[in-house]
Amino acid sequence: MVVPQGSLGTWEVRSIVGNMFPLLILLSIIVLMAGITLESAEELLEQYGILAVMVPTMVGTGGNLGAILSSRLSTRLHLGTTEFDPTDRVLWANVGAILALAATIFTALAVGAYLLGAVLGFGLPLSTLLVISLISGMSVAVIAIVFSFAATYASYRLGIDPDDTTIPIVTNVVDVFGMIIFIGVSGFVLGF
Amino acid sequence: MGVWDDFWSIYREALPILLIALCGGLFAGLVLEGLIESVERFPGLLVMVPVFLATRGNVYGALGGRISSGLHQGLIEPRFERNDRLVNAVVASFINGIGISVVIGVITWLALLILGWDSAALYEFVGIMLISGVLTSVVMIFGLLILIFAGYTYGYDPDNLVGPAVTTLGDIFGMLFLLLSVGIVEVIV
């Protein structure tokens with residue numbers, strides 16, 4: 001069925017809910033893995049409360065970086081300015097900017113967590129927080145980049161508009177990696 | 001434009017948004033730290049946290065995208081009025097936001113059952129998710145609409161507002177209402 005632009009069709013409650021709810025359930029099942037990882041790390045988080053403070057940002061930032069890169073890539077594909085040629089230097093500018101953003105944000109996260117911990121009295125040394133935040137953060141950034149390229153390319157080849165389904169799936173999958181890597185790296189660094 | 005200029009323009013454009021999201025994330029983290037004490041009363045509670053937070057982005061990010069496209073296309077006006085499209089989009093977001101919250105309560109309980117882990121009762125999970133789902137929906141939907149409408153009226157492109165607004169508001173209010181509803185269910189049950 002072709003819905004003409006501006007008709008009420010795609011704005012019906014039934015069609016919005018019917019289109020989105022199955023995707024929401026799928027995404028919830030994906031992110032459930034992050035929840036199970038968090039639950040299994042409960043003792044670690046109880047002992048080092050400052051790690052809990054870092055969790056929402058660790059989980060969210062990878063997804064945010066993936067979303068920024070994916071929408072930039074899909075816009076370029078729509079405009080026909082990208083063919084996924086490894087010699088395309090603008091692609092490398094995108095990758096470089098994502099890595100630089102990740103380095104900035106995860107440094108800021110470590111410093112922010114350190115300051116909050118110092119004020120609240122359950123901190124860890126800044127060097128430890130920097131090691132945990134940057135190792136897990138940069139790994140997640142690399143995963144976000146790989147997934148964004150793969151998903152945008154796949155949906156381009158399959159003729160699916162990446163904005164509808166690909167970007168939410170990439171963001172949520174990267175969220176899961178963020179949690180698993182963060183808990184793994186923290187446990188390893190703290191010898192838990 | 002050289003590679004270096006490209007690099008800087010992407011970096012400069014995205015950094016403020018990510019820094020705002022970082023502040024929201026740190027606040028949400030402080031609330032999460034407080035929530036960990038309640039885990040003994042409700043085993044398995046932590047499983048729901050990332051799923052609940054991710055859902056805020058999925059449901060209300062979609063609403064924000066839809067509203068800003070509607071504004072760009074001239075299908076809706078930037079104010080609260082009885083416009084069929086606006087009302088439908090809001091009603092659908094309430095159904096999606098509250099419905100998926102209840103689903104999260106159920107699948108969390110099922111996952112813990114399958115893993116054989118210690119778990120709170122199904123009605124406790126569903127109760128916590130229902131209360132926090134309803135409260136977050138109200139604040140997120142009206143907060144987001146007020147922000148988008150005000151931004152649009154003052155000449156900001158709503159497309160650039162939606163992402164950071166959803167992430168930051170969703171982290172802050174999602175965690176606050178989760179903590180509140182855990183407290184409510186603790187008292188009632």
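Descriptive notes on the structure:
- Flag if B:Val162 is hydrophobic (A, V, I, L, M, F, W, C) and modelled with pLDDT of 90 or more: no
- Hey, A:Val59 in contact with a Leu (Cβ under 9 Å, 6 or more places away or on another chain), of a type outside the set (Ser, Thr, Tyr), at pLDDT below 90 and within 21 Å of B:Pro164 (Cβ to Cβ) or not: yes
- Within the range A:11-41, the set of residues being facing chain B (nearest Cβ under 8 Å) and polar (S, T, N, Q) comprises just one member, A:Ser28.
- Scanning the range B:36-56 for residues that are of a type in the set (Gly, Ala, Ser) and at the interface with chain A (Cβ under 7 Å from one of its Cβ atoms), we see that the one that is nearest to A:Asp175 (Cα to Cα) is B:Ala54.
- Test: residue in the range A:137-147 that is among the hydroxyl-bearing types (Ser, Thr, Tyr), within 12 Å of another protein chain (Cβ to nearest Cβ) and within 19 Å of A:Thr57 (Cβ to Cβ): no
- Test for B:Phe80: is it outside any helix (DSSP H, G or I), open to solvent by 10 Å² or more (accessible area, probe 1.4 Å) and not charged (D, E, K, R): yes
- Hits in the range A:35-65 - residues which are of a type in the set (Gly, Ala, Ser) and closer than 21 Å to B:Leu176 by Cα: A:Gly35, A:Gly49, A:Ala52, A:Gly60
- Among all residues of the range B:94-112, there is at least one that is in a helix (DSSP H, G or I), crowded, with 23+ Cβ neighbours inside 10 Å and without any contact (Cβ under 8 Å) to a residue 40 or more places away in the chain.
- A:Phe182 vs. criteria touching a residue at least 40 places away in the same chain (Cβ under 8 Å) and either aliphatic (A, V, I, L, M) or open to solvent by 40 Å² or more (accessible area, probe 1.4 Å) (or both): no
- B:Ile146 passes every criterion in (1) in a helix (DSSP H, G or I); (2) open to solvent by less than 70 Å² (accessible area, probe 1.4 Å) apart from (2).
- For the range A:152-174, residues that are over 24 Å from A:Val17 (Cα atoms) and buried (at least 22 other Cβ atoms within 10 Å of the Cβ) total 2.
- Scanning the range B:18-35 for residues that are open to solvent by less than 10 Å² (accessible area, probe 1.4 Å) and either more than 7 Å from chain A (Cβ to nearest Cβ) or not in a helix (DSSP H, G or I) (or both) yields B:Gly24, B:Leu35.
- If you go through the range B:114-140 and pick out every residue that is part of a helix (DSSP H, G or I) and surrounded by fewer than 21 Cβ atoms within 10 Å (Cβ to Cβ), you end up with 12.
- Every residue from the range B:1-17 that is open to solvent by less than 50 Å² (accessible area, probe 1.4 Å) and farther than 20 Å from A:Asn64 by Cα: B:Gly2, B:Val3
- Residues that are open to solvent by less than 30 Å² (accessible area, probe 1.4 Å) and among the hydroxyl-bearing types (Ser, Thr, Tyr) were ranked within the range B:54-69; the one that is farthest from B:Gly163 (Cα to Cα) is B:Thr55.
- Residue match in the range A:143-153 (condition: farther than 26 Å from B:Val51 by Cβ and either in contact with a His (Cβ under 9 Å, 6 or more places away or on another chain) or modelled with pLDDT of 85 or more (or both)): yes
The values are calculated or read from the model by the stated rules, or taken from the named source; none is laboratory data. What you are looking at is a predicted structure, and each value in this text was computed from that prediction instead of being measured. Neighbour counts run over all protein chains shown; Cβ positions are idealised from the backbone, glycine included. For the accessible areas, the whole protein counts, side chains as well, though only heavy atoms, and no ligand, DNA or RNA atoms are used. Shrake-Rupley method; radii C 1.70, N 1.55, O 1.52, S 1.80 Å.
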